[in-house]
1. Among all the lysines, which ones have a C-alpha under 23 Å from Lys245's C-alpha, if same-chain residues fewer than 8 places away are not counted?
2. Dividing the Cα radius of gyration by the Kirkwood radius, what Rg/Rh value follows for the stretch 240-315?
3. Take the alpha-carbon centre of the stretch 119-193, take the same for the stretch 228-298, and report the distance between them in whole Å.
4. Cα atoms only: what Rg and Dmax, in Å, come out for the chain?
5. Within the P(r) computed for the stretch 1-70, what percentage of the Cα pairs occupies the region above 15 Å?
6. Evaluate the Debye formula for the stretch 142-189 with equal point scatterers sitting on the alpha carbons, no solvent, and hand back log10 of I(q)/I(0) at q = 0.15, 0.19 Å⁻¹, in q order, two decimals.
7. For a quick check of understanding: with a 1.4 angstrom probe and all protein chains in place, what accessible area in square angstrom does Met223 have, to the nearest ten?
8. Quick one: if the Förster radius is 35 Å, what FRET efficiency do Lys205 and Leu39 give, using the C-beta to C-beta distance and rounding to 0.05?
Amino acid sequence: MKELLNILKNQQRSVVVVGSANVDMVAKVPRMPKEGESLRGDSLSVVFGGKGANQAVALARLGAKVRFIACVGKDQYGKAMKQNFKNEGIPTHTIKEAVDSLSGTALIFVDKTGKNSIVVIPGANHDLKPKDVIQQKGIFKKGDVFLTQLELLSETVEASIILAKEAGLITIVDAGPPRKISKYIFPYIDIISPNETETEFLVGKKPETKKDCQVCAEKLMKMGARAVVLKLGARGCFYSDGEKKFFINGYKINTVDTTAAGDAFTAGLALAWGRTSIEEALQFANAVGALACTRFGAQPSMPTLSEVSTFLKQI
Ligand code: RIB
């Protein structure tokens, strides 16, 4: 792990992220409301979120050179999001501003145990079209790794994956939120990383036991993905590329809020993949995801490389 942390500190990785940017309206609640129930919440916070933006910000904090292609509204939240990207060291010339749509918004409940439930209104995220990504083709040539999720229009996600693969980048797809992926796109995916819900959505089976995880991963590889990383929450993750298959246990932490833990994990994976061993890359990703659970909010919870290094040296 020492060698990996040294490489991550000294050899900057260039990552192209295509994805969503949202403003998260987060209500802390004593428990999830029941249907038809009017429940009193504990607090309301407005934080930066969106799966794409969370991963872009996590990567920037971990030291990567990030190019983020996204779309925000021409409203106060769009302006605030762009300023936030600048503050995080992410250039904003690749961020489109939608003419009519409002910025993407997520309504989130977080209960006392840190579990969440999320409703996303895509807004401007759905104004990012394939042609907008194709216009930014030049930046793909300078990247090492490409990372996307499924929160944009599927045609935009698909065009991005093809562009990235053709430009020779390692393509990583975070399969959240649960959406269909065309069978023509799977062969362009080097690593697909769904969580438990997304795995069940994609292959029709819950990754509960060791055997289930193997079956789910095999199904995803049969669809065409080269390798599979199943995110299993507190249990850790499961990796398979057909030859190698193994679990990496999660770390024990005090969970405050699990929102964006998966985004943190995938960002960690994109940074550490292909540097030393697969096992270490997954341990690093687990650590980034675990640390994100110890703090409230999506982007506010993303750790820096030095925080992850300290955590990994302590355990
Ligand atoms: O993965 C967490 C994210 O999902 C939140 O930040 C929210 O915006 C939704 O996109």
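1. Of all the lysines, those that pass the test against Lys245 - Cα under 23 Å, at least 8 places apart if same chain - are Lys205, Lys206, Lys210, Lys211, Lys219, Lys222, Lys231.
2. When Rh is taken as the Kirkwood radius, the ratio is 0.97.
3. Between the Cα centre of the stretch 119-193 and that of the stretch 228-298, the gap is 21 Å.
4. Values for the chain (Cα only, Rg and Dmax): 18.2, 54 Å.
5. 66 percent
6. These q points yield log10 I(q)/I(0) values of -0.32, -0.52.
7. Rounded to the nearest 10, that gives 70 Å².
8. 0.55
The values are calculated or read from the model by the stated rules, or taken from the named source; none is laboratory data. In this text the structure is predicted, and so the values were computed from the model without any measurement. Because the Cβ atoms are built from the backbone with ideal geometry, glycine has one as well, and the counts that use them run over all protein chains shown. Please note that ligands, DNA and RNA were not included when accessible areas were found on the heavy atoms of the full protein model with its side chains. Shrake-Rupley method; radii C 1.70, N 1.55, O 1.52, S 1.80 Å.
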